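Written out below as structure tokens is the structure these notes cover.
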Amino acid sequence: YYTILGLANEAGEVAGALKKYTRGDFQEEELQKRVRAELGDVLWYVAAVASAFDVSLADIATENLAKLAKRRDEGKLQGDGDVR
């Protein structure tokens, strides 16, 4: 399950790039470059976590789209948390 920690770490690196951009360390072009690179790492870890739990990325995407469609239909896209 170490891949879950790797996923959290890589997501943090995406956020870190935004932090550095926000404080003026570099321009938007560099932000896009860094985010793109880190998203590749995030994607790898998402796939690794899915594999560890024996679930396909297609199933994850399908279930998520269904969840969001249900929230949209119920007028509950706003807010946070999974139970809305």
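In table form, for the structure just shown:
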| read-out | value |
| --- | --- |
| Heavy-atom accessible surface of the chain: percent carbon and sulfur, 1.4 Å | 56 percent |
| Once the Cα gyration tensor of the chain is diagonalised, semi-axes √(5λ) in Å | 27, 20, 11 |
| Karplus-derived 3J(HN,Hα), 6.51/-1.76/1.60, for each residue of the range 21-31, Hz, glycine and proline x | 5, 4, 7, x, 5, 7, 8, 4, 4, 5, 4 |
| Full-extension gain in nm, residue 28 to residue 73, via 0.36 nm per residue minus C-alpha separation | 12.6 nm |
| Degrees between helix 57-73 axis and first principal axis of the chain (Cα, 0 to 90, nearest 10) | 70 degrees |
| Inter-label distance, nm, simple model (7 Å from Cα along the C-beta direction), residue 39/residue 63 | 2.4 nm |
| Contact order relative to length of the chain, as percent, for alpha carbon pairs under 8 angstrom and 6 or more apart | 29 percent |
| Packing-based order for 39-47, 25-33, using average beta carbon neighbours within 10 Å, highest first | 39-47, 25-33 |
| Eligible lysines near residue 19 by straight Cα distance, threshold 20 Å, same-chain separation 8 or greater | 33 |
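The values are calculated or read from the model by the stated rules, or taken from the named source; none is laboratory data. Every value quoted in this text rests on a predicted model; they were computed, and no experiment measured them. Reconstructed Cβ throughout: ideal geometry from the backbone, glycine too, with neighbour counts over all protein chains shown. With ligands, DNA and RNA removed, areas are computed over all heavy atoms of the protein, side chains included. Shrake-Rupley method; radii C 1.70, N 1.55, O 1.52, S 1.80 Å.
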